[in-house]
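Step one of this worksheet: look at the structure below.
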Amino acid sequence: PTLPELANLGTRTHCPYCAFQCGTVLTLDPPARPSSGETDGTITPTVRIQGDPDFPVNAGKLCIKGWTAGELLRHPQRVLQPQIRGRDGRWQRATWEAALDLVAERLQRIQQQHGTDAVGVFGSGVLTNEKAYLLGKFARLALNTPHIDYNGRYCMSSAAAAGNKAFGIDRGLPFPVGDLVLAETLLIVGSNPLETLPPMVQWLDQQQELGGRLIVVDPRRTATAQRAQLHLAVTPGADLALANGLLYLAIEENLVDRNFLTNRTTGWDAVRRTVLDYPPVQVERLTGISESAMRQTVRWLAKPNRGLILTGRGTEQHAKGVDSVLAWINLALALGHVGEPGSGFGTLTGQGNGQGGREHGQKADQLPGYRLIEIDAHREHVARVWGVDPASLPRKGRSAVELLDSLGQPNGIHGLLVMGSNVAVASPDLPRIHERLRSLSFLAVCDLFDHETAQFADVLLPVTQWAEEDGTMTNFEGRVIRRRTAIAPPPGVRTDGWILSELAQRFGQGDRFRYDSTEAIFDELCRATAGGVADYAGMSYARIEQSAGLFWPCPHPAHPGTPRLFADRFFHADGKAKLHPVQHRPAGEEPDSDYPIYFTTGRDLEHYNSGTQTRRSPTLAGKKPMPRLQIHPDLAAEHGIVAGCRVTIASRRSAVEFLAEITRNIRPDTLFAPFHWGGRDAANLLTQATLDPTSRMPEFKLAAVRIVAVQPA
Ligand code: SF4
């Protein structure tokens, strides 16, 4: 069949992985729909996945992860029945009733012994909006604990905090992705979308066909940097200094838009005074970027009408991540481009529901609708929707790393529920996190596979996957889209929502977690967000389905949604954006004589985050079975390393052996490895957990290492 025919035959839904949330059309062979009763999950239909040509974000394109996602649906390693850890340390199959009873009984016993705050919840940016909402509600009402956070803290927290400080709102892209083609100059900082968000290439192609330029700031010459007109191979951890240095030159060359600064912003004078400390000679020393490259960058970015800056984890996953993002926002505001199509500032979200995941209450400091848990009026609104006394809602809890670091400690967390997150791979400073997981009294994990975190667990509860469930996701543009059921789940698994509802009953809160459908959860979520910053009050499944999704804010049923923000106003009370003076400072750990090399991490094209799913895909694992350490030929020659050698590198926390890949696409003072693998291959055994003081983002992107052993190829 042609694609339009497929669209008629199949189920339109979205890829399970990244924040692009590419539209897909799923067809089954034999064709069967859950409602028909023809497939009950005991047969193995072939799932065909094609890009949805009518979904504007990917316009029919998918990356290799998207079109192989069906390999996981009937994967032989999938957990199909609840598991309870036996005395011999092995899993034993259990009924759902026995497993849920045990989870409730153990968590209640811990709360009786140590107080309600001794249990915690760790969520995920892969959960649908409905699940994220229920998980936050479950933690606050059923467990009555403040300690809930999620792996989005590792992803978007610095960009989110900076967006809130500068614009009064946090939405990854404040415009539809198609606006990228209008940018005359596009500056991408610390992101490699050609490999992490491959369908974005079509937008970059169009932008360049229209004469647009691309500049990339990255210590590595990534696939994205290779197609740029200018690549700034910045010293790891120095992008804040670079942004301030560019603003210094913009002032010197009279490129600053004074009208825009006067009419639409506050705080310029303090920022201007601060960046005067960043003359080119000083910035060149800190960043390794020449004055001529900096001048070229700022001229290209300023002179056209439309200059656009996009940041990613490379600049955000630092102990100064919030200030780094603020420095790039200062530059965008000073050049006066923010708010016009193809102009301004945005940030590229990583996780599939990284945006929605942080809007609906699974963050330690937030309630649904991006409400803040410490503000009384915000608590009162959500408490009204939930039918409880606002005073009964817990206050702000511990952020992700702090929550994990308290496991098993005095006054810490003794019982933990993890939903959709593989913290034993994804967290920084893994030796410490593994020790903490081992010291927990009780751990329950809800997931698809017996992954690295589940290996520490007492109970493993198997859940449905993307193509087996309904719900909504909010992609990196703030577009709310529908996930639809295409295939019945295997009989032994349950939805995360069902699990939370069953557990809530055991905590005496069953009435507050009884819903007829996923849509009913969404309807309540919309009411809980009404009047908040991320306002979904005007949305419904029917409205979302009538179009290619709805953008928030959408405050009432007649509202068309808001694809573009900032045209007329920013979201602070005075309607203006705020500039913030920010200073470069060293990372939590810098190279020294003992550990003289920078180490940084990131993603491969073939894998997604902790690799729980993609490492199990035969196609993806076949293409990229193990991590490779990128090393510059000069550094390799210094240590006698040739391609194919096994190289052991050590940080102050641990040592890891990698297969060497010699490449000129990295700075000679820097090593890179992807973080998708666990066990002895885990890059996060080396990383460090210095936290940003505002966002509590750990410093994944910079550790100091040394080469300790080389084994010949
Ligand atoms: Fe699209 Fe991301 Fe899925 Fe690739 S992984 S198909 S870019 S949503």
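Computed from the coordinates by the stated procedures, all read-outs in this text should not be read as laboratory data. None of these values were measured; they are calculated from a predicted model. Using ideal geometry, Cβ is built from the backbone for each residue, glycine included, and neighbour counts are taken over all protein chains shown.
Farthest toward the positive end of the dipole of the chain, out of T262, G321, Q208, is the Cα of G321, where the dipole comes from beta carbon charges about the Cα centre. Summary of the geometry: the range 181-211 and the range 620-697, compared by the centres of their Cα atoms, lie 27 Å apart.
Of the residues L460, A444, T472, the one whose Cα sits farthest towards the positive end of the charge dipole of the range 438-497 is T472 (charges of +1 on Lys and Arg Cβ, -1 on Asp and Glu Cβ, taken about the Cα centre). Maximal additional length on extending the A637-D574 stretch stands at 16.9 nm, based on 0.36 nm per residue less the C-alpha distance. Rank G312, G492, Y598 by how far each Cα sits towards the positive end of the charge dipole of the chain (+1 on Lys, Arg Cβ; -1 on Asp, Glu Cβ) and give me just the farthest. The residue sitting farthest along the positive end of the dipole is Y598.
Calculated FRET efficiency, S439 and R680, Cβ-Cβ r, R0 22 Å, to nearest 0.05? Provide the component values of the computation, followed by the final result.
Details: r = 21 Å, r/R0 = 0.97.
It comes out at approximately 0.55.
Measuring r between the beta carbons of N254 and R664 and using R0 = 35 Å, the FRET efficiency lands at 0.40. Counting only Cβ charges, +1 for Lys and Arg and -1 for Asp and Glu, the dipole size of the range 288-354 around its Cα centre is about 160 debye.
What does the charge count around P341 come to, taking other residues whose C-beta lies under 10 Å from its C-beta (Lys +1, Arg +1, Asp -1, Glu -1)? Counting the neighbours of P341, the net charge comes to 0. A Förster radius of 35 Å combined with the Cβ-Cβ distance from E380 to A59 puts the calculated FRET efficiency at roughly 0.20.
Among V656, V710, rank each residue by its count of other Cβ atoms within 10 Å, from fewest to most, as a rough exposure measure.
Details: V656 24, V710 17.
Final ranking by Cβ density, sparse to dense: V710, V656.
Converting phi to 3J(HN,Hα) with the Karplus coefficients 6.51, -1.76 and 1.60 and the offset θ = phi - 60°, the range 314-322 yields x, 9, 8, 7, 9, 5, 10, x, 4 Hz in sequence order, with x at every glycine or proline.
Approximating the spin labels as points 7 Å out from Cα along Cα→Cβ, the N411-to-A709 distance works out to 4.2 nm. For the range 161-347, the square roots a ≥ b ≥ c of the C-alpha gyration tensor eigenvalues yield an a/c under 1.5, which makes the shape rounded. The lysines whose alpha-carbon is closer than 19 Å to the alpha-carbon of K137, local same-chain residues fewer than 8 away aside, are K363, K396.
Cross-link partners of K624 among lysines, defined as those whose alpha carbon lies under 20 angstrom from its own and excluding same-chain residues fewer than eight positions apart: K65. What's the local net charge at V582, with K and R +1, D and E -1, over the other residues with C-beta under 14 Å away? Once positives and negatives cancel, what remains is +1.
Where Lys and Arg each count +1 and Asp and Glu each count -1, what net charge lies around F675 among other residues with Cβ under 11 Å from its Cβ? All intermediate terms of the calculation are to be shown ahead of the outcome.
Details: positive: R313, R603, K701; negative: D604, D681.
That sum, taken over residues with Cβ under 11 Å, equals +1.
Can you give the extra length, in nm with one decimal, that the chain gains between T619 and Q92 once fully stretched, where that is 0.36 nm per residue apart less the Cα-Cα distance? It would help to have the intermediate numbers written out before the result.
Working: separation 527, 0.36 × 527 = 189.72 nm, distance 3.06 nm.
Between T619 and Q92, full extension yields 186.7 nm more.
Listed by chain and number, the aspartates and glutamates whose alpha-carbon sits under 20 Å from that of K303, ignoring those within fewer than 8 places in the same chain, are D179, E184, E209, E252, E253, D257, E291, E340.
Quick one: dipole size for the range 161-347, taken about the Cα centre, charges +1 on Lys/Arg Cβ and -1 on Asp/Glu Cβ, in debye to the nearest 20. Walk me through the numbers on the way to the answer.
Details: 17 positive and 18 negative charges, 26 e Å.
The dipole magnitude comes to about 120 debye.
Using modelled amide H (1.01 Å from N, peptide plane; none on Pro or chain starts), what sits under 5 Å from the amide H of V121, excluding residues fewer than 5 places away? For V121, the qualifying residues are I148, D149, L417. Residues E452, E359, ranked from the fewest to the most other C-beta atoms within 10 Å, line up as E452, E359.
Qualifying trypsin sites (Lys or Arg not before Pro) in the range 87-157, where qualification requires a DSSP coil assignment and no more than 13 other C-beta atoms within 10 Å, comprise R87, R90. Its relative contact order, with pairs defined as Cα atoms under 8 Å and 6+ residues apart, puts the chain at 19 percent.
Extension gain, L372-A655: 0.36 nm per intervening residue step, less the Cα-Cα distance, totals 97.8 nm. Here's how it looks for G336: its modeled amide H is under 5 Å from those of D257, which are all 5 or more places away or on a different chain.
Sorting D574, D54 on the 10 Å Cβ count, fewest up front, what's the list?
Details: D574 10, D54 14.
Ascending Cβ contact count within 10 Å gives the list D574, D54.
Of the peptides 314-323, 171-180, 633-642, 430-439, the ranking by mean beta-carbon count within 10 Å, highest at the top, reads 314-323, 171-180, 430-439, 633-642. 3J(HN,Hα) along the range 500-516: 5, 5, 5, 5, 4, 4, 6, 9, x, 10, x, 4, 7, 10, 9, 10, 6 Hz, from the Karplus curve 6.51 cos²θ - 1.76 cosθ + 1.60 with θ = phi - 60°, whole Hz, x for Gly and Pro.
Net charge dipole, the chain: roughly 300 debye, given to the nearest 20, about the Cα centre with Cβ charges of +1 for Lys and Arg and -1 for Asp and Glu. Kirkwood analysis of the Cα pair distances in the chain returns a hydrodynamic radius of 25.8 Å.
In a DSSP loop and with at most 14 other Cβ atoms within 10 Å, the trypsin sites (Lys or Arg not before Pro) in the range 341-423 are R395, K396.
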